[in-house]
Structures are given as C-alpha cells and as structure tokens.
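What follows draws every value from the coordinates through simple rules; no lab data is involved. No experiment lies behind these values; they were computed from the predicted model shown. Note that we place each Cβ from the backbone using ideal geometry, even for glycine, and neighbour counts take in every protein chain shown.
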Amino acid sequence: MSYPPWYGNAPMKTKLIRACAALLCVLSIPVQAAEDPSKRVSLFDGKTLDGWDVIKCEAVVRDGGILLKEGNGVVQTKRKYRDFVLEFEWKALKDDNWDSGVYFRYDAIAENKAWPDRYQANLRKGDEGNVGGLKDAKSQGLFKNGEWNSFKLTVRGTTVEMEMNGKPAWKADGLEGPKDGFISLQAEIPGGGQCVFRNIHITVIP
C-alpha cells in the first residue's frame, strides 16, 4: 500500500513511528552549555585596550602589556564587578619612589579628582599590595624590587585578601560602600613614574 509524501493518510501506528523518529532527531541535536560566569577570563588581550576606558591619562599597549605613559588618571574596566579574584603582573619602570595602584569597588570618580576615593591596592614604594582604610591589610617582604611581581586580590562581601608572588600576604575585613564597582589601574606618572601591567585575569565569584 502506498501513501502520500507526508503520510497524511497513514494508519495510526505509522504516525506514531514517524512522531517518535522526529522526537529522537530533536533530542540528538547538541545543546550548547551556558557560559560559566565563574570561569577565569582575561581582561587584557595583550594587543588592544578593548574592554577598558582610559580616563584623564595616556595608556598604550607595548610588548604585551598596558603601559601607563602620561598623566594622572586611570585605565578602568567598562563593567562593574562585585565578588571576584583579580590576578595581574606589574612592574615599575622608575628606579625609585614609584607609585601606582589598583582601585576596586568604586562607582565613580569625582569630576575634580584624578582617582577614586577608595579602595586601592597600593603599588607605591614601601606600600606594595596594601589597602588603606582596612585594618590588617598590610604586609612586608614579598615585593621584588625591579622585577615583575604577581598579585592576586580576592574580594568577597566585606572581606579582602592578597597574595603576592604566590605567597599569602594578608586578609582583612571591613569593606564599605558600593557592593559592586569598577576596577582600574592608576596612572600617577608625574610623581610615581611609568608602570606596566600584563596577564590581567578575573574570576567572578558567584
């Protein structure tokens, strides 16, 4: 017995077989997994400043790093972050009295100021990795003068902790202000000299 192309007059058994086959085809289509928001991702591709805003300063990409070249200002992420792990490498090009920093958890910079009020993981000589305004957010002896230094800053709720060059530096509590905010690299060229940042990664903590 023959049937039309779409089996419109086929008996019920044939229709059921056809429906089951169609369902199996649908189920066999691979489903793309949703992107894991907690995945470690790069904030800097080593080639461009895509994903960043340069504010009140001059910054360029040179030899795979972000060179803070001129002025007082920041290189700021385009989006805000709440709880996260920030990893980066940093080097001062000035021989002495270098000064820079990494700001986090702020929502704006006052029009008459070059930098946010807080919070800053300091990169000033003698104060590398410390955060002002937080009790116990201080360490010594982990910074390598004249070399690339790796930092790992973990921000969760009101707590912060820092690792420097693979070693625990400090843990502190007491963050106030916005629950989420921008992250930025501080340019303080007239006073602190040029600095370079590279291998900048972030992991969002759910």
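If you place +1 on the Cβ of every Lys and Arg, -1 on the Cβ of every Asp and Glu, and leave all else neutral, what size is the dipole of region 41-204 about its Cα centre, to the nearest 20 Debye? Can you show the working numbers first?
Working: 24 positive and 25 negative charges, 45 e Å.
Charge dipole, region 41-204, about its Cα centre: 220 debye, nearest 20.
Ignoring lysines fewer than eight residues from K152 along the same chain, the ones with Cα atoms less than 20 angstrom from its Cα are K39, K80, K91, K125, K135, K138, K144, K167, K171, K179. Projecting label points 7 angstrom from Cα along Cα→Cβ for K125 and D53 puts them 3.3 nm apart. Taking a Cβ cut-off of under 15 Å around V54, the surrounding Lys, Arg, Asp and Glu residues balance to a net charge of -1, with basic ones at +1 and acidic ones at -1.
Of all GluC sites (Glu not before Pro) in region 90-166, which ones are in loop regions per DSSP and have a Cβ with at most 11 other Cβ atoms within 10 Å? It would help to have the intermediate numbers written out before the result.
On the way: sites: E111, E128, E147, E161, E163; in loops: E111, E128, E147.
Counting only loop positions with at most 11 other Cβ atoms within 10 Å, the GluC sites (Glu not before Pro) in region 90-166 are E111, E147.
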